Each structure stands twice: as structure tokens, then as C-alpha cells.
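The block underneath contains the structure these notes are about, expressed in C-alpha cells.
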Amino acid sequence: MKKSLAVLTAILTLSGCAGSPSNYLALSPDVPAISSSASGRIALSTQDARSTNTAVRITKGDDPAKLMGTGESPAIQLGNLFRQSFSNKGFQLDPAATNVLELKVERLQSDINETMLGYEAANEIIISAYARNEQQLFSKRYTARGTMKGPLSLDLATLELEMNKLITQLAGDIVNDPELTQFLMQ
């Protein structure tokens, strides 16, 4: 009897730890597929231009919204993602290059509305690209949106998967944009 009680206590303790929700959104997007190759040297930087550090806002009725950020700075994570992506495309990354590409995260947000019957999530990511060379400037805004609906409450892992998918899609749109590629190769 004592052994069963000890085993039951251990199981309940461990399941309580495993079920505790995270306080942040873990981002780990994949490097997108490259549709064409390019060449040239570029200086690449990323910035987080959002006015707040929150990435998730969960509302449920009249309760105050629950806010969550990301585990690591989006500027650092996306900087690593874009460095790898542009290198895979064929660009040489050189901080002293005359062709400069600056990517700014303007929005990285999931708004979740939970009700008694389920949830609805609206996800949006906006990244602006600013490129310049010795003669010209180039700017373009890239957007990825997605929605999710489901019964009960949203599982954080499902949200992370969706946000990472949107980031990978948006990174592919940027890296494979023929206008941006042409500008950077001038």
C-alpha cells in the first residue's frame, strides 16, 4: 500500500510539472527553400521595430488579457535565419559591403480570443526590407497572416508551429523576391 501511494504521489507530482504552461512563445522557424541563386556582397542587419515585446495576447471574456513574449529576441533569431538564407542563395555577407539590407520586424503578433466553446486566433507577421546601394534605395513590406480555430483552449505548441510556419513562409517570400534580389546584385 505504501509503495502504491508513493508511486501515485510521484506520478501526480511529475504530471503537474509537465503540464505547467510556458510564459513565452518559442520561435524556431526553418530556413526556407531557395528558388534561384544570386551573387554579390551584402551587409545584412535585423531590428525589432515593434512598440511592445509581446507576441501573444490571449483574451477570455472580461478577464484582463494574458500577454506573452518570445523566448529569445526575434531580431536575433530572424537575423540568424536571414543570414543563413541569403548565404544559401549565394550572397556573401560582409559588414563593409556597399549594398546594405536592413530587415525590420514591424509586427509579430497572435491575438487569441477564447470562449466557452473554443478559440479563434489571428496571427500576423510584418517585416519591412530597406536596401540601399551607392545610387538607389529600395523598400518593401512583406506580410504573412493566418487564422486558427478550434475547440477548447489553444495549445501553445500548436500556436508555435503555426507562427514558425508563417515566419518560414515570409522569409522565403523575402529571400526569393526577384525585385529585391535584382536590387542587391546591382
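The values are calculated or read from the model by the stated rules, or taken from the named source; none is laboratory data. Keep in mind that what you see is a predicted model, and the values were worked out from it rather than measured. Don't worry about glycine lacking a Cβ; one is built from the backbone with ideal geometry, like all the others, and counts go over all protein chains shown. Protein only, heavy atoms only, side chains kept; ligands, DNA and RNA dropped before computing areas. Shrake-Rupley method; radii C 1.70, N 1.55, O 1.52, S 1.80 Å.
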Quick check, is LEU184 open to solvent by less than 40 Å² (accessible area, probe 1.4 Å) and under 30 Å from THR98 (Cα atoms)? yes
Just checking, how many residues over the stretch 21-77 are over 18 Å from MET163 (Cα atoms), in contact (Cβ under 8 Å) with a residue 12 or more places away in the chain, of a type in the set (S, T, N, Q) and surrounded by fewer than 18 Cβ atoms within 10 Å (Cβ to Cβ)? 7
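What are the residues in the stretch 90-116 that are in a strand (DSSP E or B) and among the hydroxyl-bearing types (Ser, Thr, Tyr), if any? If you could, list the steps in order and put the result at the bottom.
Residues of the stretch 90-116 that are in a strand (DSSP E or B), as a first pass: 91-93, 100-114.
Once the filter is applied, which keeps residues that are in a strand (DSSP E or B) and among the hydroxyl-bearing types (Ser, Thr, Tyr), the stretch 90-116 yields only SER110.
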Just one of the numbered conditions (1) in contact (Cβ under 8 Å) with a residue 12 or more places away in the chain; (2) exposed (fewer than 14 other Cβ atoms within 10 Å of the Cβ) is not true of MET116; which one? (1)
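Quick one: is LEU101 crowded, with 19+ Cβ neighbours inside 10 Å and either at pLDDT 95 or above or within 26 Å of PRO32 (Cβ to Cβ) (or both)? Don't jump to the end; show me each part of the working.
Values: crowded, with 19+ Cβ neighbours inside 10 Å: yes; either at pLDDT 95 or above or within 26 Å of PRO32 (Cβ to Cβ) (or both): yes.
So LEU101 passes the test.
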Taking only the stretch 44-69 into account, find how many residues are assigned to a strand (DSSP E or B), hydrophobic (A, V, I, L, M, F, W, C) and farther than 30 Å from LYS89 by Cβ. 4
Do we have any residue at all in the stretch 131-152 that's crowded, with 17+ Cβ neighbours inside 10 Å, in contact with a Pro (Cβ under 6 Å, 6 or more places away or on another chain) and not aliphatic (A, V, I, L, M)? no
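Specify which of the listed residues (TYR130, TYR119) is among the aromatic types (Phe, Trp, Tyr) and either under 23 Å from ARG41 (Cα atoms) or not in a strand (DSSP E or B) (or both). So that I can check it myself, show each step before the final result.
On the way: TYR119 fails: either under 23 Å from ARG41 (Cα atoms) or not in a strand (DSSP E or B) (or both).
Exactly one residue qualifies, and that residue is TYR130.
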